[in-house]
Structures are given as structure tokens and as C-alpha cells.
Amino acid sequence: MSSLLKRYDFIIKIDLIWLSNYVASFLLILILNFVLPRMMPGDPLHAIYGEEALIAMTPEMEAEIIKRFALDQPWHAQLLTYIIALLRGDLGYSYYYRTGVSDVILCFLPWTLLLTGLAFMISSCIGVILGIESGYRRGSKFDGFMLPIMMFLGGMPDFFIGIILLLLFGVTLGLAPLGGAMSPYAGHSGIDLVMDIAHHLMLPLITLVLVQLAPTYLLTRNAMLTTLRARFIMTAKATGLSEGDIRYKHAGRNSLLPVVTAIGIRVPNMITGALFLEIVFSYPGVGTLLNTALSARDYPLIQGVLLIVTVTVLTTNFLVDMTYTRLDPRVRYAR
Amino acid sequence: MMLEISGLVARYGEHEVLRGIDLRLEKGDSLAIIGESGAGKTTLGLAMMRLTGARLDGKLLFDGMNLLEFSEDEMRRLRGDRMAMVFQNVEDALDPVYTAEEQVCEAISAHNKWSKTRIRERARALLTAVGLDEMRYRLYPHQLSGGERQRVLIAMALANDPDLLILDEPTASLDALTKADIVELLRSATSDRISIIITHDISLASSLSKKMAVLYSGAIMEMGRTADLIRNPKHPYTRGLLRSFPSMSTTKDLQGIPGRTIPGIGGCPFHPRCTQKMEICEREVPRPVELNGRQIACHRGGIVPLLEIRDVSKKFNGFHAVSHVTLTLYEGETVALVGESGSGKTTLAKILMGLIEPDSGEILLEGERARWDAGFYRRVQMIFQNPKESISHRLNVLQAVREPLDVQKMGSEEERITSAMWALESAELPTDPEFLRRYPHQLSGGEAQRVAIARALVMHPKLLIADEPTSALDPSVQAKILRLLMDLQERMGLSILFITHDIALARKVSDRIAVMLRGSIVEEGPSGEVLREPAHWYTASLVECASICTRTVGVPAMEQ
Amino acid sequence: MHVDLWREIRSSSAGVFGMVIVAIIAGLAVSAPITAPSYRDIGPVFSPPSGEHLLGTDDLGQDIAAKLIHGARTSLMIAFGVAILSALISVIVGGSAAMLGGTYDRVCMRAVDAVMSLPSVVVMILVGAYLKPDLWLLIILISLFSWPGGARIVRSQTLSLRERLHVVAARAFGASRGYILVRHILPDLGPVLVAIMIQDARRAVLMEAGLAFLGVSDPMVVSWGRMMKQAMAFTYLDAWKWWLIPAGVLLSVTLVGFSLIAAALERAMDPRLQEDV
Ligand SMILES: Nc1ncnc2c1ncn2[C@@H]1O[C@H](COP(=O)(O)OP(=O)(O)OP(=O)(O)O)[C@@H](O)[C@H]1O
Ligand code: SF4
Ligand SMILES: [Mg+2]
């Protein structure tokens, strides 16, 4: 009993160390958000909101913001207000949209989550399967066909793939809409609505899947090559297991481990990729929001986006870590 | 049920890893395959399962079916069901993400359409049978010890009660006690089917197998009954292999086989390393020949007798100095002739060297009657107890060493000097002019004996008769001279008749021991055996005395 | 690790292809002052390709081909700068963490993990939006986000090198940590470092283009990403064919070139990947 307790104790400790990792990343962003504007010359209000914003603001609004964020106070008081505001979910005021930053982001976030979530699942499944097949049959025609394509695809910049697809299917062939997440004022509902959304989602999704496919594929393939050399593959063959069992249950399952770890590292990459593609396809997600904020120089909005994206990335990473411990008994029990 | 392999060849590209294996095994047979690393043992095992990446040719009949003609799917149905293999116990022989029980279940379900519970029951029964603790069924491989993992692997192999069980290094990297446990388990697992044990551990092979095959460079060099083969190896390679393996039954210091495997050569694969090769060995592959249950692939029929002493007697004034002595010395081995002083050892040596005429009996050198002519002395040389006296005090080192060449008028002046230099180097002596000009009285005892050895070596003899070569030397020098003789034997395939009264010394240097008492040989056999179980009371008393002496004198490290 | 990098890259066709690509782009970049001296000259806007303007002119009436050549210059300068700076930080952090160990090591690795799990492009967008970086600041910024991966590799390599016999031997006769690092470990790190630098270079080119595509860049610097951003606004004109596409293709080709070299290097250093051809 006591040994059992000890083990849990140990696991908790490790999890804390892990968590501290996420906390550190998060703090880094907070500090950046807080310090960066205040490092700029001029008074905080000017630095945080920028010239363009202030032109658009009335003096009352300025006063309200100064009060809300204690901008006329010394920095520690500012920090305290900043944190308290954050805890309330107050990310500041977007002069461009004339409303709170969090509200704006919440409008745009679901589309990004839809896009990345789907792309993530589809690209992971296809990438892993192609990688397993290619690695298992290395040197075959299939492998010789996939490998160069994937290496090429993996080398391309994501937004350019998007541009090409947009120009091809959207502009030239007219098969896909040029922007948006659904047709405005069409009043679709039910199945029509779903189809409409799918129609708009198609091109960005395909692009994102294509972009994300290559790294998953290459990594799975490499992992397969390594796993196939392991002795237990020989054991499985000598046991007379079927090809499929050897390929998926043993080689594939073990090759998944490094792939899952690497997914964690790839999540930031993937979300940024999605942001860029949203801009290319004018898809109303966080990326487009970011682009708007950038051209409008709406600094609080940029900060808010950064914070949300970071939180999303860290959460995903955490989930991936959790999955990993489920997948690999060596990590599950060795601790 | 029968496994019949004939002319099995495995190739990786041009490289032949197996070159024509012939084997025939029946139910109940257990065959050990031994050989150096890279000999192709694993490849042979995998070939039987059709799991090697090499290209296979020849015949592989299992129960009358030629497996080489089977489709992959037909093979798959055989593997794990009628034939199974246990791989070397390496960290990743089991899949790290499944529990022990799951993996055994999988091995069962791969060939049976049983219900889940029935499969699990069988798996548990198997795991119990291999002695895995019940607490550990649900553990993952990394949580199991090396021995436990090996048990799981064995359980998986036995899952469907295979007819053919192949074990590849089943106990490598296990500690001695675990190993003993596993060997016990394997002994019961291998009975009642055909089992093949691949290993370079000869003690494992001898405890698990009835038959043994020695593989070298993809060819079977020798095959026979295990105990027989170990006790009396007939192929030069087998002897070399046994000599380099430490075991409790051999006592001689470890020796190696000179050189290393050279892949892809023609003729007998062993010829670059063989010390008794003839010209034909480089040209033709020797066919395996069976004689009295022993199969040997050698153009010379195995290790050849070098010197045969047949029923030799000598009387001095009515006193039997040597009476009816029969002894055979094989190429490349050391026979120690042990006996107290006056037992006739030196007389026998002198007869061998042609210094004394025997009254009766004959002596054969390489199958021909010894004529004690120039040809004889080129092949047989002697070193004496007292080196300084055996070298004329008027000759310096160089002159002494080249003397035999001068006597035999062999080679030009330059060639004689080159040979002398080589001999000196072989005897680990300096070759600078200062040393070459020294005279016997300027040499230490050890140096003098080395000069004597160099002189004996200079004509590349095949047999060295060493009469108490070290008894006049202090122990440390003595050890070095013995080491030198062993090294020379390893390098040049020299046979040595080592005459001594010291059975403890004989034990460390000889392959066989012959014990002499009052002119007759009363006992003869492999050194380990003679010492462990002396058959004659006199040998027993010698052994007894030697161990008492060492104990009272307190010489350390003469372990028995 | 004794790898003859040059030979390994040449022995793989992908590697050779990558080298050729990067060499061509580098040739373009170096030749810019000669082949495209007048890229800032202004003429008629949106003129289609002609003898005078190989790829026509853009919305400002500047020669697109000339701007593309100068874009290569920007990309490769960034690539080169980031590769050196980022690898330097990787070696310093990774090497010292491995050599010193203990708490320092743990802190360093925490920092590595923390930076690695940040969405670096978005962070750079924010920082870039405030600081409006020029080329040099951009190099520094990108490097600040590129080093962790390399540091991790350098650390593990150093740890394993540290246990190699010749290093242990040097320690056994009392060599200092600095001496061991400089004399034994850095030289052996060579191949790994080259691989890290190629990866960093690739990422730097992509990041610069991405940031410029979003408008976070020095307007005075010609950049493929910026050209693409500008061209995107005119997709209703035919101009994208000789404006947007060539810029994108050049960028892609450069990135693919680096990727191919990196893949060849990875293969060279992992014998397990070598068996397949
Ligand atoms: N995949 C392969 N490709 C090319 N050659 C190989 C391959 N596998 C084995 N060989 C060669 O086949 C020969 C025999 O190898 P094998 O593994 O059968 O030896 P072994 O007797 O089992 O050695 P060990 O005692 O070290 O296990 C060796 O020369 C080896 O180099
Ligand atoms: S004597 Fe010839 S055939 Fe016999 S082992 Fe030696 S080399 Fe081979
Ligand atoms: Mg082997």
C-alpha cells in the first residue's frame, strides 16, 4: 500500500515538473505581452495602443482605458491590474472592432479550431498510414513514389501551396469560393448549412492537410525503418502472425510513439500554418483576425491573439503528452 | 516427422553465407550448431523458418514438404505452429507495448480460432509451465528481468507445441544461475521434438544436445555425437574452437585459432587458418565423409597423426627402460608425457630422435617409417633440459641458431640469416648485432632456452620434443617460456611432446596426457579427464601429490 | 561520429539536387548588384513581360525580375545569419548544459522546452509589430526562437561524446572542461552542427517570408514574402502569373533545396535510414 502511495506521489511530482514547463511558456508570453509595450518610448497608453488607435478614440475612452489598466500608476500596480484583468478574461479593448478583445477573438476562434482540428486528425491518420505502408515496403514502387513527393511537399511553404490551390480551384476553375466560411445572407439551414460550410472549408482544409501530411509521413516512415529492425518483429514473424498484424499491431504501434511525441512539437507549427492559410483564403478565423489587427495596428488585439494561440498550443501539447503516457507502457510504469 | 536439409545455400548478393548444408534430423533429435561469430549459425536457423533475407537454394524438407517451394502465406501458417524459434535474449525480443500474457495469447490465437477465455487459459498454463511468477503475467517486457523475458519467449515458442524448435543463443547475456534455470527449462522443452540449439557456448550445447555440428564460414566442418565430439575433436577447426572455449573440463590455457574468417574463398573454407593444409585444400571443397557416426569435411580426414609410436621396447642390461609403448601424436596438439624420473621418458625421447635404436616396434612420421635422415630432422626437433649445454660454447647466438641450416646445407647464406632472424623473432628475442654476437655464457637461463627454441624452430619443424624444457628455470621465466611454446603452437600448428615429471605443469599446457610408469604407459587421455578421474592408481597418486605439494608450498591460483 | 559529410551528400541524388538549387539561388543573390542594379527604378505599372522587363512590372512600376533577384539576397542573408547565430546559441547552451550538468542543465532544458512549445511565428509577429525590425534585428529575433531544437541535439550529442573513450582518456589525464569541449567535442559535433544549421537556415527563410507576407517587415528591404503579399491584392489582374507565382516558386525552390540537403544529412548520420535506396 505504502509503495503504491509512493508511486503516485512520484507520478504527481513528475506531472508537476511537466506542468511547470507549460506554466513557464505561459509566463513567458505574459511577460512579453506586459513588458514589450511598456519598453517602448512614450507613455504607456501611446505605446500599448499605438497612434492609429488613439486617433480613433475619444478622450473619454482614453481616460476609461487608463483607469481600467492603471496606466498612470507605477509598473507593479499596472502588473497587478493586468493580471486581475486577465483572470476576469479581460484582454483589453479593440479600437478597430470597438469592443473587448476577448469577445472579438471568441467570434473568430471556432473557425480556426474547426479548421485545425479537422486538418490535424485527417493529416495524422493519412500521414501515419502512408508512412507505415511506405516504411514497411521500403524500396518498393509505392515507397519510391511517395517519398520524393512528400519530401517536396514538406519543403514547400504552406501559404504558397494555399495560394496555388486558391488560384487554381478558386480563381481559374471557379470550383471553390474565394473566401469566407459560409455564404453571407444565404439563409441556409440544416443540411444546406453544413454543406455550405463544408464547401468553404474544403480548400483551406485540403491545403492544411497537404502541408501537415509530409512531416507526419516522413517521421512515421523513419520510425518504421527503425522499428522494423527491432528483434520483436522477428519474433512476431517467427510466431506466424499475419502481415497486417506485424505491420500495424507491432511495427505500426511502436512507430507511433515517436510520431506522437513529435506531434507535440509540431502543434505550434500547425497552428501558425493554419493562420497563414486563413489569410490566404480569407477564412474568418484567428489568422484573418490577426492580419486585420496587424494592418489596423490594433495592438491589444494582436496581444490577445498571441495569448489565445499560446494557450491553445500549450493545451494541445499537454493532451499529447497525456496520450503518450497512455501509449507507451515504458513511460506509464517506469516513473 | 523429419527435417531433411540438403545442399542448402544462402546468399546475400554474391556472398555465400551458407554453402551447401546437409542435415537429417528426426523426432527426438537435438542438434547443437556451434561456431565462431559470423559462421552463419543464425542464418541457418532463420533459413529453416524461411525468415532470412538471404536468397536460398537447395532442399529444405520438413515432413516431406519442400519449404523452399512454399508461398509466404503457407510458411506463415507453419511458423509458430509446427516450427518455432526462440531468439537471443535481447532487450527488444518482445514488443515493448504489450504485456507478457498478451504476447503469449497472440502466439496462440495466430493459429487457433479459440475463444478468448480458452486462449487466455492456455497462455496462463504455458506461462506457469515455463516458471513465470503469476504476479508477472500482466507486466510489460521492460518490467521483466532478462530471465523472465526469456521464459516468456520460450512460452511463445511452445504455444502450439511445435515439431521443430530452434533456439538461437537462448542463454546469452544471462547470469550463471539464471542460465542454469533456463537450461533446465529448455531441457524439458526440447524433448520429444526436433530441436536445434544455436550457440557458441559449448557447455550449453553439451547439456542440451545429443548431436553437434560445427559450422565454419557457412559449411559444416564436423558433426557427431556431442559428448564424443567435445572429448575427441577430429577436425582442426573443432579443436581450435574447443581450445578457445573456457570450460571446467579442459585445463589447458585458452588458445585461439590464428587468423580470422576470410569470406568467399574457394576450396576448404578453413584453409587460410589451417596448419595442416595441403595444396588440394585451396582448390577443392572437401566433401563431408562419415565414419563411425562422425562426419568430417576435410581432405585429410581430420586432424592427421603426425607421429605414431607402435609397440616400442628397449631393454638395457635386462632392465625394461621402455616396454611396449604405443602412442600417437596428432598434428597441432600437445601431449604431455608424465612420469617420475627413471620411468623411461628420456629414453623414449631419445629413441624418437634416433639417438637410441629400439629393440622392437616401429615409429612412423606422417605415415611413413622414420628413417632419421635429413628429412626427418627437418620435421622433428628437440629442446633439452639444459639449454646452455645444448649449445656449443664456441658458437655465438647467430651461429647457434643457423647451425641446423648449415648442417643441412639449406638455402643460400642470406636465406639462412633471414631464417635465423625470423626464428629469433618468433622466440621473442632481440635481433640486434650485439645480441647476435653473444656467447652462451653471456645469456641468462631464459634467454638461452629461447635461443634453443629459436634453433629448433629455424627449420620450421612440425614436431617439437621438449624434454623438461623449463625445469632449470625460475618460475617466472618458466611461465614465459611455456606461454611462448603455446603461442608458437597456435601460430604454426606445432605439435609438442612435452616431457615432464610435473603433472600440474602438464595440466596447463597439454591437450592429452600420457602417464608413464616403469617403461610403460599406464594411462592416456584428454588432460581434463585424466586429471579429474584418474583411472590408474599411479596417476591418482601423482595428482594427489601435486595438489598437496602446491598446497604446502602455497603456490596460489592452482584451482581445480 | 566520423562522417564525411561532403561525400555523403554527394552520394545521395536528393542531396546533390538540393546543393545545386541552393548554389543557383546563391549565385543569383551574389550577382544581384550586376544583374539587377536598377531594381528601384520606377516605370509604367503592371506592364506584362517584355524584352525590357523579363517578368513585367509591379504596381509601383518596378521590374519584378530584378526585385526577385534581390529577394534572393535577403533570404540568403537571413538564412546565413540565423544559421550562424542560432547554431552558436545552440552550442553554447547545449554544450554548457551537458558539460556542467546539475541544476544549470535542468534550467537550460526547461528553457528549451518552454521556447519550443511557443508558437514562435505568432510571438515574432507581436514583437515585430512593436519593434519594426530591420534585417539584422530580424536575424537576431529569428535566432532567438530557433536555437532550442539545436541546443537539445548538441546537448545529447555532447553527453554521448563525453562518454567516448578518447574524451574519458583526456579527462583521466586531467584535461579541463574547456579543453575537452574545444579539442574533442566541438570537432566531433561538426556534422551534427552542419545539419542543425541547414535546418535553421531553412526555417529562417520560411519565417522571414511568412512575416513579410503578413506585413511585418522592413519596407525598405525587398523580400519574396512581401512581394507575394503585394501581389495577393491583385489576383483579379493577370499580373499574378509573372508576379505572385515566380516569387512563390523561388521561395519554394529555396526551401525544398534546404530540405533535400537536410534529408541527405539526416540519412548520412543515421545508418538505419541508409539501407533503403
Ligand atoms: N542482412 C545481411 N546482409 C548481408 N550479410 C549478412 C546479413 N545478415 C548476416 N549477414 C552475414 O552472414 C554471415 C553469417 O551471419 P550470422 O548472423 O548467421 O552469423 P552467426 O553465426 O549467427 O554469428 P553470431 O554468433 O555472431 O550470432 C555473416 O558474415 C554476416 O555478415
Ligand atoms: S586439411 Fe585441408 S581440408 Fe582439412 S581442414 Fe585443413 S585446409 Fe581444410
Ligand atoms: Mg547469431
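The values are calculated or read from the model by the stated rules, or taken from the named source; none is laboratory data. None of these values were measured; they are calculated from a predicted model. FYI the Cβ positions are ideal-geometry reconstructions off the backbone, even for glycines, and counts take in every protein chain you see. Note: areas computed on protein heavy atoms with side chains; ligands, DNA, RNA excluded. Shrake-Rupley method; radii C 1.70, N 1.55, O 1.52, S 1.80 Å.
With Cβ to Cβ distances under 12 Å as the rule, what net charge do the other residues near B:PRO286 carry (K, R +1; D, E -1)?
Taking every Cβ under 12 Å from that of B:PRO286, the sum is +2.
Could you work out the mean count of beta carbons from other protein chains within 10 Å of each residue's beta carbon in A:133-146? Please list the in-between numbers first.
Numbers: counts 0, 1, 1, 0, 0, 4, 3, 1, 0, 0, 1, 2, 0, 0.
Mean number of neighbouring Cβ atoms from other chains: 1.
If R₀ is 35 angstrom, what is the calculated FRET efficiency for the pair B:ASN386 and B:SER244, using the beta carbon separation as r and rounding to 0.05?
0.55
Assuming 0.36 nm per residue, please report the length gained on full extension of the stretch B:ARG394 to B:MET65 beyond their Cα-Cα distance.
Net length gain for the segment: 110.7 nm.
Please find the FRET efficiency linking B:ASN317 to B:GLU340, where r is the Cβ-Cβ separation and R0 is fixed at 25 Å, and quote it to the nearest 0.05.
With R0 = 25 Å, the Cβ-Cβ based efficiency is 0.75.
Bin width 20 Å, alpha-carbon pairs only: give the P(r) of chain B as whole percents, running from 0 to the bin holding the largest distance.
P(r) for chain B, in whole percents per bin: 19, 43, 28, 10, 0.
Quick one: longest stretch of chain C between exposed loop chymotrypsin sites (Phe, Trp or Tyr not before Pro), exposed meaning at most 16 other C-beta atoms within 10 Å and loop per DSSP?
On the way: sites that count: C:PHE46, C:PHE173, C:PHE234, C:TYR236.
Result, exposed sites excluded: C:47-172.
Give the long-range amide H neighbours of B:ALA219: residues separated by 5 or more places, or on another chain, with amide H under 5 Å away, using H modelled in the peptide plane at 1.01 Å from N.
Hits under the 5 Å cutoff: B:ARG19.
About the Cα centre, and with charges only on the beta carbon of Lys, Arg (+1) and Asp, Glu (-1), how big is the dipole of the range B:305-551? Nearest 20 debye, please. Could you put the intermediate results ahead of the total?
Working: 28 positive and 34 negative charges, 81 e Å.
Using Cβ point charges on Lys, Arg, Asp and Glu, the range B:305-551 gives about 380 debye.
What total accessible area, in Å², is buried where chains B and A meet, using a 1.4 Å probe and rounding to the nearest 100?
So the total buried area for this chain pair works out to about 2200 Å².
Taking only C-alpha pairs under 8 Å that are 6+ residues apart, what is the relative contact order of the range B:313-423 in percent?
It comes to 16 percent, rounded to a whole number.
Given the -39500 (n - 2.57) contribution per DSSP H run of 4+ residues, what per-residue ellipticity at 222 nm results for the protein assembly as shown, rounded to the nearest 500 deg cm²/dmol?
-18000 deg cm²/dmol
Relative to the isolated chain, which residues of the range B:80-127 have their accessible area cut by 40 Å² or more in the presence of all protein chains (1.4 Å probe, heavy atoms, no ligands or nucleic acids)?
The answer is B:PHE87, B:ASP92, B:ASP95, B:PRO96, B:VAL97, B:TYR98, B:GLU106.
Using 1/(1 + (r/R0)^6) with R0 = 45 angstrom and r between the beta carbons of B:ASP432 and B:GLU368, what's the FRET efficiency to the nearest 0.05?
Computed FRET efficiency for B:ASP432 and B:GLU368 comes out at 0.60.
Hey, got the average number of other protein chain Cβ atoms within 10 angstrom for residues in A:149-156? Write out the running numbers ahead of the final one.
Details: counts 0, 0, 7, 5, 2, 5, 15, 9.
For this peptide, the per-residue mean of nearby foreign Cβ atoms is 5.
So what is the relative contact order of chain C, in percent, for Cα pairs below 8 Å that sit 6 or more residues apart?
Relative CO of chain C lands at 28 percent.
Roughly to the nearest percent, how much of the accessible area of chain A is carbon and sulfur, given a 1.4 Å probe?
Numbers: 10560 of 15030 Å².
Heavy-atom surface of chain A belonging to carbon and sulfur, 1.4 Å probe: 70 percent.
Which entries of B:LYS277/B:LYS345; B:LYS41/B:LYS234; B:LYS27/B:LYS59; B:LYS315/B:LYS508; B:LYS41/B:LYS480 show an alpha-carbon separation above 29 angstrom in the structure shown?
From B:LYS277/B:LYS345; B:LYS41/B:LYS234; B:LYS27/B:LYS59; B:LYS315/B:LYS508; B:LYS41/B:LYS480, over 29 Å: B:LYS277/B:LYS345; B:LYS315/B:LYS508; B:LYS41/B:LYS480.
Need the full-extension length gain, B:HIS142 to B:HIS15, defined as separation in residues times 0.36 nm minus the C-alpha distance. One decimal, nm. Write out the running numbers ahead of the final one.
On the way: separation 127, 0.36 × 127 = 45.72 nm, distance 3.71 nm.
Length gained, B:HIS142 through B:HIS15: 42.0 nm.
Do you know the relative contact order of chain A, to the nearest whole percent, from alpha carbon pairs under 8 angstrom that are 6+ apart? Please list the in-between numbers first.
Numbers: 342 pairs, mean separation 82.0, N = 335.
Dividing the mean separation by the residue count of chain A yields 24 percent.
Near B:LEU8, within a Cβ-to-Cβ distance under 15 Å, what is the net charge of the other residues, with Lys and Arg +1 and Asp and Glu -1?
Here the charged neighbours net out to +2.
Roughly how large is the C-A contact in terms of buried accessible area, totalled over both chains, probe 1.4 Å, nearest 100 Å²?
4400 Å²
Taking the 0 to 90 degree range and rounding to the nearest ten, how far is the long axis of helix A:75-87 tilted relative to the main principal axis of chain A, both from C-alpha atoms?
So the inclination is approximately 60 degrees.
Could you go through the range B:199-207 in sequence order and give the Karplus-derived ³J(HN,Hα) for each residue, using 6.51 cos²θ - 1.76 cosθ + 1.60 with θ = phi - 60°, rounded to whole Hz, and x for Gly and Pro?
6, 10, 9, 5, 5, 5, 4, 6, 8
Could you name the lysines in cross-link range of C:LYS229, using Cα to Cα under 19 Å and dropping any fewer than eight places away on the same chain?
C:LYS67, C:LYS132, C:LYS241
Please list, ordered by chain and number, the residues whose modelled amide H lies under 5 Å from the amide H of B:SER244; skip anything fewer than 5 residues away on the same chain.
Those qualifying (amide H under 5 Å, at least 5 residues apart or on another chain) are B:GLN255.
Under 12 Å from the Cβ of B:ARG310, count the other residues' Cβ atoms, weight Lys and Arg +1, Asp and Glu -1, and hand me the total. It would help to have the intermediate numbers written out before the result.
Values: positive: B:ARG369; negative: B:GLU308, B:ASP311, B:GLU362.
Overall, the nearby charge balance is -2.
Can you say what percent of the DSSP beta bridges in the range B:305-551, counting only those with both residues inside, are antiparallel? Round to 5.
55 percent
Could you order the peptides B:186-199, B:130-143 from most to least packed, using the average number of other C-beta atoms within 10 Å per residue?
Top to bottom by mean Cβ count within 10 Å: B:186-199, B:130-143.
Of the heavy-atom accessible surface of chain B (probe 1.4 angstrom), what whole percent is carbon and sulfur?
Result for chain B: 50 percent of the exposed heavy-atom area is carbon or sulfur.
Roll a 1.4 Å probe over the protein chains and send me the accessible area per residue for the range C:139-259 in Å². Numbers along the way, then the final one.
Numbers: 4720 Å² over 121 residues.
Roughly 39 Å² per residue, with all protein chains present.
In peptide C:108-118, how many Cβ atoms from other protein chains are near each Cβ within 10 Å, on average?
Other-chain Cβ atoms within 10 Å of each residue's Cβ, averaged: 6.
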